[in-house]
């Protein structure tokens, strides 16, 4: 690892001032499970300085805010997994973090780092987009709020500026009538990076008809997104295996329309359809 300056601010104003002063040569350190690995790689782009934000207490915690849930970016995956608030109002997010890495990684890695790293396999992103999450970014120039679905440009690239810090993740509570799920496919059952994943939310009326459906895939499209073509198939219908198969096929069709037919299409086309069907079945 190449030498670098190390800074450990104790407040957000101090962190923002450091990032403004250092500029594009600064790297923000949260959990470190991605940044430190990247910095150790031979030939990796060097950083003049690392700004360690882990001592800023205002960036930690999960709380209710009226009809919304607020998660601070330094909240670890393990803390999300233990949260009764998340379990009640966003259970698909709990399912997603349960499969991230090992206990050591979950105890150290943060939800903010998972978002800002923007890896295609990021497990927290599909459920958060399905939850209609928004994030707040802060710099010495002020703050701004961005829909998470509009935050990513492509894997490892976002609309965030180099001097901006993620300070808040906010999303509406799921109603008690909602059912949700998150499933992923990896090369093995444990410590597995997602090759494909699906987050699904389904809400039914008292008559058993679907009146809200959200389907978000991970590691399938060029960036994370809902699949409205598949969601529309479900609306106004009663859940069934046939209906879920149709929704899965719509996701496959949308995938091919975005990426074209490539060497991986023969594998992804049928598999993503099955994953969507299974995710929806888990929402019944």
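Coordinate-derived values only; no laboratory data. All of these numbers come straight from a predicted model, not from anything done at the bench. When we count neighbours, we look across all protein chains shown, and the Cβ atoms used for this are built from the backbone with ideal geometry, even at glycine.
Among 77, 7, a tally of other beta-carbon atoms within 10 Å of each Cβ gives an order, fewest to most, of 7, 77. Extension gain, residue 257 to residue 5, is 86.1 nm, computed as 0.36 nm per intervening residue step minus the present C-alpha separation. For the chain, dividing the convex hull volume of the Cα atoms by the residue count gives 132 Å³ per residue. Note: relative contact order over region 57-172, using C-alpha pairs below 8 Å and six or more positions apart, is 28 percent. Simple spin-label estimate for residue 267 and residue 21 gives 4.8 nm between the two label positions (7 Å along the Cα-to-Cβ direction from each Cα). GNM remark for the chain: springs join alpha carbons under 10 Å apart, and the peak mean-square fluctuation among 131, 185, 92 falls on 185.
Considering only alpha-carbon pairs that sit under 8 angstrom and 6 or more positions apart, the relative contact order computed for region 183-284 is 25 percent.
With R₀ set to 35 Å, the beta-carbon distance separating residue 242 from residue 84 gives a calculated FRET efficiency near 0.40. Can you tell me what percent of all Cα-Cα pairs in region 16-171 are more than 21 Å apart? The proportion of pairs with Cα distances above 21 Å equals 42 percent. Taking only Cα atoms, what is the 0 to 90° angle, nearest 10, from helix 12-22's long axis to the longest principal axis of the chain? For helix 12-22, the angle is close to 70 degrees. Over the chain, dividing the summed -39,500 (n - 2.57) contributions of all DSSP H runs of at least 4 residues by the number of residues returns a 222 nm mean residue ellipticity of -10000 deg cm²/dmol. Against the chain, whose longest principal axis is taken from its Cα atoms, helix 265-281 shows a tilt of about 80°.
Against the longest alpha carbon principal axis of the chain, how many degrees, from 0 to 90 and to the nearest 10, is the axis of helix 241-259 turned? Once rounded, one gets 50 degrees.
Let me check against my output: what whole-number percent is the relative contact order of the chain, with C-alpha pairs under 8 Å and at least 6 apart?
15
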